[in-house]
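The values are calculated or read from the model by the stated rules, or taken from the named source; none is laboratory data. Computed from a predicted model, the values in this text were never measured in an experiment. Counting neighbours? That spans all protein chains shown, and the Cβs are built from the backbone with ideal geometry, glycine included. Calculation scope for accessible area: heavy atoms of the full protein, side chains included, ligands and nucleic acids excluded. Shrake-Rupley method; radii C 1.70, N 1.55, O 1.52, S 1.80 Å.
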Amino acid sequence: MRAARALALAFAAFASASGARAAEMRAPPGASSCTGCHAQGAAMGALEGRPEAEIVAALAAFRLGERPATLMNRIAKGFDEAESRAIAAWFAAQEAR
């Protein structure tokens, strides 16, 4: 009986952790707008697997007008620092294709 209960608790903990991991893998709001230009084989190169710090720095530079752009400066201004970090973390966690 104890073994069955322990097994059930272990399974519940595993299922809960798996659900949390799945939620973490969902793209944060705003990330889908990046894939039009930054998907594998797209015009501007893929973001998947790039270092998080690199993406955060690029978004900040675009947002502040420190990096020349025709479009990214306007797009980056739509994200605050926390949103930029969430987007960068998500793309960094994706496998480069």
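Conditions tested, residue by residue: (1) out of contact with any Gly (no Cβ under 9 Å at 6 or more places or on another chain); (2) within 21 Å of Arg26 (Cβ to Cβ); (3) touching a residue at least 24 places away in the same chain (Cβ under 8 Å).
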position	(1), (2), (3)
Gln40	yes, yes, yes
Met44	yes, no, no
Arg50	yes, yes, yes
Ala58	yes, no, no
Pro68	yes, no, no
Ser84	no, yes, yes
Ala88	yes, yes, yes
Ala93	no, yes, yes
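Would you mind stating whether Ala39 is at pLDDT below 90, open to solvent by less than 60 Å² (accessible area, probe 1.4 Å) and either aromatic (Phe, Trp, Tyr) or farther than 16 Å from Ala96 by Cβ (or both)? No: the conditions fail for Ala39. For the range 52-68, the set of residues classified as closer than 11 Å to Ile87 by Cβ and among the acidic types (Asp, Glu) consists of Glu52 only. Among the residues of the range 67-89, those that are part of a loop (DSSP other than H, G, I, E, B) and open to solvent by 70 Å² or more (accessible area, probe 1.4 Å) comprise Arg67, Pro68, Thr70, Leu71, Lys77, Asp80. Selection of the range 29-66 for residues being assigned to a loop (DSSP other than H, G, I, E, B) and aliphatic (A, V, I, L, M) yields Ala39, Ala42, Ala43, Met44, Ala46, Leu47.
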